[in-house]
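See below for the structure under consideration.
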Amino acid sequence: MTSYHADRGDGDAGTALQAAMSACVSDIRMPASLLDNAVSRDRTRKTRIRLASAAGVVVAVAAMATVIAVIAAVPGRPSGHVASPRPDAGPRVQSAAYVLDQAATAQVNSYRMISVEHGDGLIYTDVATQQQRIVSALRASSGQPYFQITTAIHGGVYAETDIEYQHHVYSTFTTSSLDAGTQVTLSSFLPLQGNSDPHVAFQQALKAGTIRVVGHQSLNGRDTILIRVNAANKPGAKLHWPPDWIWIDASTYLVVQTKHFIPDLPPAPGGKISWRAIVNQVTWLPPTPENLAQLTVTPPAGFTKIPYSELAQKYLGPLS
Amino acid sequence: MPRDGRYDGLAAFLDARGDALLRTAVLLAPGREAGEDLLQEALERLLRKWHKVDGNPESYLRRIMYNRAVDGFRRQARRPEVLGLPATAAVADHASQLDLRLVLMTSLELLTPRQRAAVVARYWEQLSEAETAAALGCSVSAVKAAAARGLQALRAAIGPDMDFTRKREAGL
């Protein structure tokens, strides 16, 4: 494949260079932890940006405002999505732009709050610092959560503590290897740090035309606004992802429920893929000392500290 | 952190190809730790698109690594490079290999990111100029220029015959 330029002497030089390179790196083996680290960081990234992304996408609904329908919030309007009239609200019309503008403001205001996601377990997130505690729904034989994971970024260092209650082991993991990168930094995981003016995001989403405000919907007796987020499926892709659904409170405009789908793999015979719905409820807490305390957990006395890779592969890995 | 079962295919792929990818990353970065960072970052980016990756992920991973290497994957405050000891005790002359690695990595540091990527692609990966251009996202003529200038810079550092061994003995 290679065509060295013998007239410039590149052939000999290239051969010598290739030999030197080979001698230098031939003994290098990929650490087994590299993929685990990547998966861990990717999961953390997804978890950290989930709400911000959801809110960001919600913001995008505004973009559709001038194009798609006006959202019905007129009391008495004969529609299945008509919300119950609020005592302090007279007849009015909410456009998608208005809804998303309010959602953008709510997203900014959530910067001072703690979110609690109730799905497959619990996830506490301090939106400002993105410090998190994840509590598994699965229970150990003792009745305690099977595992808890806390993550935090302080001083440019990502720190994670994993506690596994079934076997009384725990591990810690820290990294700052990408902190000083020119483009990838840990702070990029934080909300409102990048392209995060929600109102701008609305406009970008408007251009993308990927979302729409469906309308009001009662969710467990609560007045919410349902938003549909179409997946960015590429033409010809094997997987055609269903849309995500986001419910925001009709008064506070904070996200209260999300629903997305993941494929059940491998596909059934014939290649047909079924999709499993993942629903998360979200509640919001003020950053009181009591609530902030929910973000941390200490390994119980008597638990054994083991290497992170061992915990990930031997104890937590099989739970995946 | 538990790893999803959906990444089992990727784990199997890395079992087979991870060493080769890391060796390329080490040369691109250059350095052992920087190479691991580069490959890990490429893996993170791959994971974000994993559900959309059809077929062999190697070309995708390589493209990410080369693009990041050219785009300036550099740690602003480099940690002191720890020259990794050979994994096998069977290597006869550890000191020689470490010296050679030091010379090579120091030499590669002299190149611009694009020159280094072109040199690694052409002379380590044995890619053709067209394949290198595709990996780097540039023209064939740009590859020729970068590779030639890279070699020129290495010759200036090592010597016209690119004898790394002699340079090592001279204590570069």
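Quick note: the coordinates plus some simple rules give every number you see, no bench work behind them. Nothing here was measured: the structure is a model prediction, and the numbers come from that model. No Cβ is skipped: glycine too gets one built from the backbone with ideal geometry, and neighbour counts run over all protein chains shown.
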Spin-label proximity, A:F303 to the range A:105-132 - amide N less than 17 Å from point 7 Å beyond Cα toward beta carbon: A:122-124, A:132
In peptide A:146-153, what is the residue-averaged number of other protein chain Cβ atoms found within 10 Å of each Cβ? 1
The local net charge around A:N230, scoring Lys/Arg +1 and Asp/Glu -1 for residues other than A:N230 whose Cβ lies under 12 Å from its Cβ, equals +1
Rounded to the nearest 20 Debye, what is the dipole magnitude of the range B:98-137 about its Cα centre when Lys and Arg each give +1 and Asp and Glu each give -1 at the C-beta? 80
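Would you mind counting up the charge near A:P299? Only other residues with Cβ under 14 Å from its Cβ, with Lys and Arg at +1 and Asp and Glu at -1. Walk me through the numbers on the way to the answer.
Values: positive: A:R133, A:K305; negative: A:E160, A:D162, A:E164.
Charge balance near A:P299 sits at -1.
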Highest mean first, what order results for A:282-288, A:301-307, A:32-38 on Cβ atoms within 10 Å? A:32-38, A:282-288, A:301-307
Average beta-carbon neighbours from other chains, 10 Å sphere, peptide A:211-222: 0
Based on the Cβ-Cβ distance of A:E310 and A:D223, what FRET efficiency does E = 1/(1 + (r/R0)^6) give at R0 = 45 Å, to the nearest 0.05? 0.35
